[in-house]
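To start, the structure under review is shown below, and the notes come after it.
The values are calculated or read from the model by the stated rules, or taken from the named source; none is laboratory data. Everything numeric here is computed off the predicted structure, so don't read it as measured data. Note that we place each Cβ from the backbone using ideal geometry, even for glycine, and neighbour counts take in every protein chain shown. Surface accessibility is based on the protein's heavy atoms, side chains included, excluding ligands, DNA and RNA. Shrake-Rupley method; radii C 1.70, N 1.55, O 1.52, S 1.80 Å.
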Amino acid sequence: QVQVVESGGGLAQAGGSLRLSCAASGSIVSINDMGWYRQAPGKQRQLVVVVSRGGSTNYAESVKGRFTVSRDNAKNTLLLQMDFLKPEDTAVYYCNAAIVTRGAPHGYSYWGQGTRVTVSS
């Protein structure tokens with residue numbers, strides 16, 4: 001069994017900071033891409049940032065310069081430091097991981113349950 005669990009959401013004021021954490025656990029052989037996505041009310045889920053196993057990153061334009069992702073391959077964790085938050089960052093944030101297991105040697109996409117971030121103006 002594999003689990004992906006997020007934590008760290010909450011309420012912040014505009015201009016403030018929050019830090020999200022994601023941890024993958026279970027029968028993991030390796031993890032390919034890991035990423036953060038978000039879904040605002042009434043909108044589709046969209047990419048925030050994706051990180052390859054080698055550390056290459058791809059940020060959404062809307063968060064460049066404000067959000068910083070870090071990944072620890074040994075611990076199977078992904079952190080998202082969110083600074084200079086804006087009200088439009090309000091959303092449920094989801095962690096995604098492409099996880100290789102013995103039963104899925106090419107990787108399978110796992111999602112966390114989501115953590116809510118609310119930014120007040």
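Points worth noting:
- Filtered residues of region 5-30 (kept if under 21 Å from Asn76 (Cβ atoms) and in contact with a Leu (Cβ under 9 Å, 6 or more places away or on another chain)): Glu6, Ser7, Gly8, Gly9, Arg19, Leu20, Ser21, Cys22, Ala23, Ala24
- Total residues in region 23-41 satisfying the condition of being of a type outside the set (Lys, Arg), modelled with pLDDT of 95 or more and within 22 Å of Lys86 (Cβ to Cβ): the figure is 5.
- Screening Trp36 against (1) over 28 Å from Val119 (Cα atoms); (2) part of a strand (DSSP E or B) leaves a single unmet condition, (1).
- Arg116 in a strand (DSSP E or B) and either of a type in the set (D, E, K, R) or more than 22 Å from Gln3 (Cα to Cα) (or both): yes
- If you go through region 11-27 and keep only what is surrounded by 13 or more Cβ atoms within 10 Å (Cβ to Cβ) and in a strand (DSSP E or B), you end up with Ala12, Leu18, Arg19, Leu20, Ser21, Cys22, Ala23, Ala24, Ser25.
- If the condition is being modelled with pLDDT of 95 or more and of a type in the set (Gly, Ala, Ser), then region 79-121 contributes Ala91, Ala97, Ala98, Ser109, Gly112, Gly114, Ser120.
- Scanning region 94-119 for residues that are open to solvent by 60 Å² or more (accessible area, probe 1.4 Å) and either over 20 Å from Ile31 (Cβ atoms) or not small (Gly, Ala, Ser) (or both) turns up Arg102, Pro105, His106, Tyr108, Trp111, Gln113, Arg116.
- Enumeration of residues in region 55-93 that are of a type in the set (A, V, I, L, M, F, W, C) and either in contact (Cβ under 8 Å) with a residue 60 or more places away in the chain or surrounded by 14 or more Cβ atoms within 10 Å (Cβ to Cβ) (or both): Ala60, Val63, Phe67, Val69, Leu78, Leu79, Leu80, Met82, Phe84, Leu85, Ala91, Val92
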